[in-house]
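Have a look at the structure below before the remarks.
The values are calculated or read from the model by the stated rules, or taken from the named source; none is laboratory data. All values reported here derive from a predicted model rather than from experimental measurement. Positions of Cβ are generated from backbone atoms using ideal geometry, with glycine treated the same way; all protein chains shown enter the neighbour counts.
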């Protein structure tokens, strides 16, 4: 399964910044674009990467593992 660099970057930025809207601003995208990219990534993976039950999205255990992998991919 191949994931777009844009979706992986959106995920990594949102995870690092702790905010979908902050990630969107940094990437020059709309917040809905970033949210959709992350939601699609979660569907593709069959995993929940963020706990969205509070105001600030928090990484799940799967999200933490995925972040390390994505950071390695983006650094390559």
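How many residues are at pLDDT 95 or above, over 10 Å from the mean Cα position of the chain (by Cα) and at negative phi if we restrict to the range 45-57?
Applying the first criterion (at pLDDT 95 or above) to the range 45-57 yields 45-51.
Within this subset, residues satisfying the condition of being over 10 Å from the mean Cα position of the chain (by Cα) are 45-48, 51.
Still in the list and also at negative phi: 45, 47-48, 51.
Qualifying residue count, the range 45-57: 4.
Identify all residues within the range 56-65 that are out of contact with any strand residue (DSSP E or B) (no Cβ under 8 Å at 6 or more places or on another chain) and under 12 Å from residue 14 (Cβ atoms); write none if there are none. Walk me through it before giving the result.
Filtering the range 56-65 for residues out of contact with any strand residue (DSSP E or B) (no Cβ under 8 Å at 6 or more places or on another chain) gives 56, 61-62, 64-65.
Within the range 56-65, 56 is the sole residue that qualifies.
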